[in-house]
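Chemist: The structure is given below, and queries will be raised subsequently.
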């Protein structure tokens with residue numbers, strides 16, 4: 001075979017050299033993103049490597065061919081960052097990656113929310129999207145490319161998937177929008193927004209802003225969408241070059257048009273009437289269940305065994321249509337409100353007596369109880385990811401127990417939903433925490449009732465709890481959840497303020513907006529309808545603005561401004577900067593000094609060294625002001641440096657033959673020897689002739705004595721010289737030698753010849 005001409009193609013076959021396909025996307029400013037396939041993970045149903053700079057993501061997608069007996073798509077989006085990607089070791093005993101971090105979970109949610117709606121509703125095969133950070137670049141944020149990687153891999157598969165999508169991060173620095181900024185650029189930006197979209201429609205928006213307007217937010221979305229269109233086109237081009245696969249065939253859900261019409265006719269009018277009555281959640285749920293059971297009763301047991309699942313599905317569809325039509329036709333909602341009406345609100349602060357701050361926010365059938373805890377930098381939330389290391393001195397945790405919706409189910413750790421909702425509320429509030437806040441601040445939201453946007457209730461309760469705790473918020477923040485019901489055929493649409501849980505499921509869009517009276521601080525938006533116009537989006541945002549301000553007025557009626565100080569039982573924080581030379585002295589050998597100081601004062605003391613100035617920042621946290629004062633006095637004592645020529649009050653604490661040991665009054669613990677020759681102008685034979693134990697007087701500080709290399713202080717320098725006093729001339733080296741003081745040879749014997 002080797003006698004034949006050796007061609008490149010034959011070499012590829014013989015040595016299994018992979019054939020690769022690659023597309024490049026220009027981001028501007030010399031930056032680009034490449035999408036490559038054909039080299040790695042070829043047994044997956046689709047795989048790509050997305051690269052920007054030195055940052056590389058490997059994304060693989062696999063979907064089983066058998067359908068699950070489920071009524072939803074079992075889709076798992078998994079995003080992981082490998083520590084080797086940044087040349088680091090994982091923490092922990094086993095030194096390997098374990099459970100995903102909150103940052104990884106948030107990226108999973110961003111990708112999942114865009115992908116899931118694009119699979120057919122009757123596609124129920126187990127599907128897994130795995131995205132892995134294989135190489136990190138400190139100038140590239142990998143989460144901005146995760147959606148692009150997922151969609152590109154799916155385009156190379158045979159999945160039934162509607163269209164290519166992508167995600168992009170938008171920032172604004174000095175008034176200029178930037179796509180996929182570096183972390184350094186993001187720190188200077190007043191917008192951090194992730195946008196997910198297809199070439200035709202925006203589908204997801206999430207981010208935080210520095211009190212921007214609704215128009216500015218819309219402009220940022222438009223800018224991001226234009227970049228996404230280019231990324232979608234690159235995916236399509238790559239798929240064409242690679243060779244598109246035929247979409248797999250699968251067994252979809254059974255359909256029966258006659259049965260659907262029959263159930264619609266039986267249920268629609270009844271549901272419409274109950275929805276129009278404006279009853280409570282429990283009453284509606286019971287009434288709708290009764291209608292469903294009445295419909296089921298018209299069928300035999302054999303019929304229900306055969307197509308009972310269809311009956312439930314078609315009833316749910318009829319219920320959804322009736323409720324949507326009620327809103328579009330009459331402007332009424334399930335609980336009787338108008339489209340722009342906010343549910344009744346009541347609030348309370350200082351509810352929990354032992355917390356550092358607390359509040360209750362109740363809006364309709366949604367209730368959140370927030371608590372605030374104040375601590376030192378030691379309590380900061382450490383973030384240790386391959387793509388980012390740092391800490392948060394303000395963070396918020398959100399808990400959603402099953403009882404808040406009247407359910408009983410197992411609790412298996414913090415859910416992805418809880419991580420996502422907590423992150424949204426944290427982003428809404430963190431910009432209003434002043435930069436000079438000395439505390440680490442933790443907010444915890446306990447959702448006690450839920451029927452519509454507990455995350456926005458968390459923002460409102462968190463705001464009041466922070467003000468109750470004495471955290472000097474720049475401005476209070478409120479939040480509102482909005483919905484949209486639209487009919488493309490008639491052109492009708494209705495924007496719903498303060499949506500219920502049921503309206504969240506049946507609407508075409510749900511979005512949450514938080515902000516102050518000046519502008520938007522955070523948002524989360526999921527758009528389920530194609531081709532939503534920017535005109536409708538702006539109208540929805542303006543209606544949300546009115547709702548936010550209404551809710552904000554209710555918060556400020558309850559607590560108009562932050563308390564001037566922390567509560568009596570809450571710790572007070574004092575920070576002191578000391579020279580780096582004194583850090584060791586304050587800590588003491590083996591931590592002896594600082595541990596004893598904490599024990600005696602009841603304060604927590606944390607010392608952080610500034611790597612730039614090398615100064616020590618000392619945090620003193622305590623509930624007792626006397627204890628804090630004692631720590632401050634000790635620090636003053638340790639760091640005390642007398643100035644040459646200054647006069648200080650001292651106290652005699654020890655008597656010696658050659659002088660008295662005195663202690664500086666303003667720095668207890670700082671001692672210095674007052675030599676007998678500096679007590680008085682007259683010759684002093686006994687120290688006790690001039691001073692005694694406990695005597696208090698002034699001395700003058702002269703700095704280091706050149707002869708003894710010790711601090712020199714003098715009492716006599718502040719006294720008048722006696723009349724006729726003649727100062728003896730200072731001794732010279734010649735005098736010393738004549739007296740034998742420095743003659744090293746005076747005791748030596750003469751050498752013998």
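Only the coordinates and a few stated rules stand behind these numbers; no lab work does. Small disclaimer: the values here were computed from a predicted structure and weren't measured. All Cβ positions, even for glycine, are placed from backbone atoms using ideal geometry, and neighbour counts span all protein chains on display.
Chemist: Over 20 Å apart: what share of the alpha carbon pairs of the range 355-496 falls there, rounded to a whole percent?
Modeler: Tail of the P(r) past 20 Å holds 51 percent of the pairs.
Chemist: OK, next. If you line up the long axis of helix 625-638 against the longest principal axis of the chain, both from Cα atoms, how many degrees apart are they, to the nearest 10?
Modeler: For 625-638 against the chain, the angle is about 50 degrees.
Chemist: Please give the helix 416-430 orientation as an angle from the longest Cα principal axis of the chain, in degrees from 0 to 90, rounded to the nearest 10.
Modeler: Taking Cα atoms only, the helix is inclined about 50 degrees.
Chemist: If you don't mind, there's one more thing I want to ask. Ordered by packing density, taken as the mean number of other Cβ atoms within 10 Å over each peptide's residues, highest first, how do 575-581, 643-649 rank?
Modeler: Per-residue Cβ counts within 10 Å, averaged per peptide and sorted highest first, yield 575-581, 643-649.
Chemist: What ranking of 268, 395 emerges when the number of other C-beta atoms within 10 Å of each C-beta is taken as an exposure proxy, fewest first?
Modeler: Result, fewest neighbours first: 268, 395.
Chemist: How much of the calculated P(r) for the range 17-242 lies past 23 Å, in percent of all Cα pairs?
Modeler: Tail of P(r) above 23 Å: 47 percent of Cα pairs.
Chemist: On to the next question. Where both residues lie in the chain, what percent of DSSP beta bridges are antiparallel, nearest 5?
Modeler: Within the chain, antiparallel bridges account for around 90 percent of the total.
Chemist: On to the next question. Roughly how far apart, in whole Å, are the Cα centres of the range 107-144 and the range 600-622?
Modeler: So the separation of the two Cα centres works out to 43 Å.
Chemist: Computed over the Cα atoms of the range 647-738, what is the convex hull's projected area averaged over all directions, in nm²?
Modeler: The number I arrive at for the range 647-738 is 7.0 nm².
Chemist: Using packing as a proxy for protection, rank 604-616, 520-532, 306-318 so that the peptide with the highest average count of other Cβ atoms within 10 Å comes first.
Modeler: So the peptides 604-616, 520-532, 306-318, ranked by packing, come out 520-532, 306-318, 604-616.
Chemist: Could you compute how fast the range 216-296 diffuses translationally, taking Rh as the Kirkwood radius over C-alpha pairs and applying Stokes-Einstein at 25 °C with viscosity 0.890 mPa s? Give it in µm² per second.
Modeler: Calculated translational D: 134 µm²/s.
Chemist: Can you tell me the order of 703-709, 662-668, 491-497 when each peptide is scored by its average per-residue count of other Cβ atoms within 10 angstrom, highest first?
Modeler: 491-497, 662-668, 703-709
Chemist: Follow-up. Determine Rg/Rh for the range 572-638; Rg is computed over alpha-carbon atoms and Rh is the Kirkwood hydrodynamic estimate from the same atoms.
Modeler: That ratio is 0.94, to two decimals.
Chemist: For the range 579-713, evaluate the Debye formula with one uniform point scatterer on each Cα (no solvent term) and list log10 I(q)/I(0) at q = 0.09, 0.15, 0.21 Å⁻¹, rounded to two decimals.
Modeler: Taking Cα atoms of the range 579-713 as identical point scatterers yields -0.36, -0.84, -1.19.
Chemist: While we're looking at this one, here's another question. Extent of the range 257-330 along each principal axis, from alpha carbon coordinates, in Å, largest to smallest?
Modeler: Answer, in whole Å and largest first: 39, 25, 14 Å.
Chemist: Here's another thing I want to ask about it. Report P(r) for the chain: all Cα-Cα distances, bin width 10 Å, range 0 to the bin holding the largest distance, values in whole percent.
Modeler: 2, 11, 17, 19, 15, 10, 7, 6, 5, 4, 2, 1, 0, 0
Chemist: Order by neighbour count: 20, 376, fewest other Cβ atoms within 10 Å first, most last.
Modeler: Lowest to highest Cβ neighbour count: 20, 376.
Chemist: Would you mind checking the tilt of helix 214-242 against the longest principal axis of the Cα atoms of the chain, expressed as 0 to 90 degrees and rounded to 10?
Modeler: 70 degrees
Chemist: Along Cα→Cβ, 7 Å out, is where each label goes; now give me the distance between the ones at residue 297 and residue 280 in nm to one decimal.
Modeler: Using points 7 Å along Cα→Cβ, the separation is 2.5 nm.
Chemist: Gap in Å between the Cα centre of the range 443-521 and the Cα centre of the range 649-716?
Modeler: 71 Å
Chemist: Would you mind ranking 565, 102, 122 so that the residue whose beta carbon has the fewest other beta carbons within 10 Å leads the list?
Modeler: If I rank by nearby Cβ atoms, fewest first, I get 565, 122, 102.
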